[in-house]
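Below is one structure; the comments refer to it alone.
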Amino acid sequence: MFDKVLIANRGEIALRVHRACREMGIKTVAIHSEADREAMHVKLADESVCVGPNAANQSYLKIPQIIAACEITGAQAIHPGYGFLSENARFAEIVEAHGLVFIGPTAEHIRLMGDKITAKQAVKDAGIPVVPGSDGGITDIEEAKKIADEIGYPVLVKAAAGGGGRGMKVAQTPKDFREAVETASREAEAAFGDGAVYLEKYLGKPRHIEIQVLADQHGNVVHLGERDCSLQRRHQKVLEEAPSPALDTEARARIGEITRDAVAAIGYRGAGTVEYLYENGEFYFIEMNTRLQVEHPVTEAITGLDLVREQIRIAAGEKLGYTQDDITFEGWAIECRINAEDPATFAPSPGKVTEFHAPGGLGVRLDSGLYAGYSIPPYYDSLIGKLIVSGKTREETLLRLKRSLEEMVVGGIKTTIPLHLALLEEEAFRSGDYHIRWLESWLADRA
Ligand code: ADP
């Protein structure tokens with residue numbers, strides 16, 4: 001096992017990784033930008049290294065500085081968290097070339113899944129159902145138009161390099177087609193330096209269901225069931241739950257097994273998530289994320305496994321040590337993403353936290369680096385914490401979630417806590433009967 005791990009991230013996820021390391025007896029090295037000098041992950045880590053100025057591309061994304069920080073501190077492995085360099089195949093290669101361990105999949109798998117076109121082909125070959133669409137990227141607009149006619153409108157134009165909901169455009173009718181392709185391609189070229197796009201049938205009211213997998217370096221693979229992430233705004237998840245209120249035992253086992261077998265066939269290692277849209281009893285692959293996900297704690301709550309610990313053990317070459325039969329799902333868990341944003345307009349609200357009180361009690365977990373007196377810098381993502389609540393049943397979990405949200409105090413800035421409280425009053429959410437478009441239409445009605 002490693003003696004020292006460098007955490008190449010910030011915020012709640014840096015803290016999350018630190019906690020797993022601490023419990024495993026591993027020393028931690030935090031990296032930080034100038035703006036993050038006073039951040040909780042820096043305070044708690046055994047050592048810290050400032051890797052650059054405020055902008056992420058000058059600090060958290062600066063590969064040479066991060067490698068240097070490892071060499072200076074003697075860290076043997078790097079945990080990338082999510083975002084930043086976590087899905088950068090080149091980074092994984094550079095880390096390994098320096099004799100360090102990248103806590104994640106191989107560069108080859110990151111690259112394969114990072115391009116949605118190659119990813120879709122690979123999983124399809126491994127037996128996973130995919131959304132009907134163009135087989136591969138589109139090169140000729142007239143050719144593509146024919147394919148779109150065959151798929152049937154509305155058609156979704158998606159960027160191969162897309163992420164975070166960017167590089168996606170709907171063409172409602174043949175008339176909008178050319179414009180959708182051009183906009184999606186331009187957006188993807190600007191954001192990711194790759195304008196390649198492909199076509200997919202646009203599903204109307206699906207749910208977003210994703211399957212968590214763990215694979216060791218010895219060929220053992222398990223799935224840890226699903227998370228339902230259908231509550232989204234601008235294709236970004238707002239609240240996640242496990243299990244999904246929409247799946248029964250049969251559907252869960254079916255998609256779990258298909259996913260696990262495909263991941264094994266691909267030869268994947270590490271933690272990963274296969275994302276699906278689920279409509280009329282059918283699953284359709286949309287992408288695979290080759291990293292820890294923001295919403296991983298709901299899976300931890302119902303399986304009792306520490307996913308970061310598992311990632312570290314796998315990276316160190318250990319065997320899983322359990323089989324699918326040993327994995328059981330107990331109770332219910334819901335995660336609310338708490339952002340430093342206006343709960344009505346979603347305008348960012350960075351600044352000084354004047355007052356802070358964390359909710360607690362049975363079944364309540366708060367992953368957050370906030371403290372009273374901390375100043376949230378304006379340079380990064382607005383996620384400032386995740387409240388994860390679990391209970392024996394969904395009903396119990398909803399009651400617990402309400403009282404925990406009511407207990408939580410974050411003074412001095414605006415947060416999305418009031419949004420989550422309002423959501424809890426909604427029948428569609430309470431009954432679990434919602435799909436990926438529901439939240440946006442609910443928000444539009446309230447505006
Ligand atoms: P990203 O990498 O940007 O997150 P995804 O492929 O994971 O892109 O899709 C993000 C979200 O976009 C999905 O959760 C869903 O809400 C929507 N979406 C993606 N593909 C489709 C599709 N074929 N039909 C309808 N909605 C889709």
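Below is a table of values for the structure above.
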{"item": "Per-pair calculated FRET efficiency, R0 = 51 Å: SER431 and THR173 via Cβ, rounded to 0.05", "result": "0.90"}
{"item": "THR28 - accessible surface, heavy atoms, 1.4 Å probe, Å² rounded to 10", "result": "0"}
{"item": "Estimated 222 nm signal from helices in the chain, with DSSP H stretches of n ≥ 4 weighted -39500 (n - 2.57), rounded to 500", "result": "-10500 deg cm²/dmol"}
{"item": "Net charge of neighbours whose Cβ lies under 13 Å from the Cβ of ALA372, counting Lys and Arg as +1 and Asp and Glu as -1", "result": "-1"}
{"item": "Heavy-atom accessible area per residue - region 155-213, 1.4 Å, Å²", "result": "40"}
{"item": "Long pairs among LYS116/LYS319; LYS43/LYS352; LYS145/LYS237; LYS27/LYS62; LYS120/LYS145, criterion Cα-Cα beyond 26 Å", "result": "LYS116/LYS319; LYS145/LYS237"}
{"item": "Candidate aspartates and glutamates - alpha carbon under 16 Å from LYS414, same-chain residues fewer than 8 apart omitted", "result": "GLU341, ASP342, GLU355, ASP381, GLU406"}
{"item": "³J(HN,Hα) computed for each position of region 359-375 - Karplus, 6.51 cos²θ - 1.76 cosθ + 1.60, integer Hz, glycine/proline x", "result": "x, x, x, 4, x, 10, 10, 10, 9, 7, x, 6, 7, 5, x, 6, 9"}
{"item": "Accessible heavy-atom area order of ASP325, ASP367, ASP248, ASP433, highest first, probe of 1.4 Å", "result": "ASP325, ASP433, ASP248, ASP367"}
{"item": "Nonlocal amide H pairs with PHE356, under 5 Å, H built at 1.01 Å", "result": "ALA372, GLY411"}
{"item": "Carbon plus sulfur fraction of accessible area for the chain, probe 1.4 Å, in percent", "result": "48"}
{"item": "Calculated FRET value between LEU443 and ILE63, using beta carbons and R₀ = 35 Å, to 0.05", "result": "0.35"}
{"item": "Karplus (6.51, -1.76, 1.60) ³J(HN,Hα), θ = phi - 60°, over region 240-251, in Hz, Gly and Pro reported as x", "result": "10, 9, 9, x, 8, x, 9, 9, 9, 4, 5, 5"}
{"item": "Separation between Cα centres of region 1-22 and region 375-443, rounded to whole Å", "result": "26"}
{"item": "Under-5 Å amide H pairs with GLU287, H placed in peptide plane, nonlocal only", "result": "GLU275"}
{"item": "Residue-level accessible surface for LEU421, protein heavy atoms, 1.4 Å, Å²", "result": "40"}
{"item": "Residues with amide H under 5 Å from that of ILE31, placed H, sequence gap 5 or more", "result": "ILE7, ASN9, VAL49"}
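The values are calculated or read from the model by the stated rules, or taken from the named source; none is laboratory data. It should be emphasised that the depicted structure is a prediction, and the values quoted were computed from it without experimental measurement. With ideal geometry, Cβ positions are generated from the backbone for all residues, glycine too; neighbour counts draw on all protein chains shown. Only protein heavy atoms, including side chains, enter the accessible area calculation; ligands, DNA and RNA are left aside. Shrake-Rupley method; radii C 1.70, N 1.55, O 1.52, S 1.80 Å.
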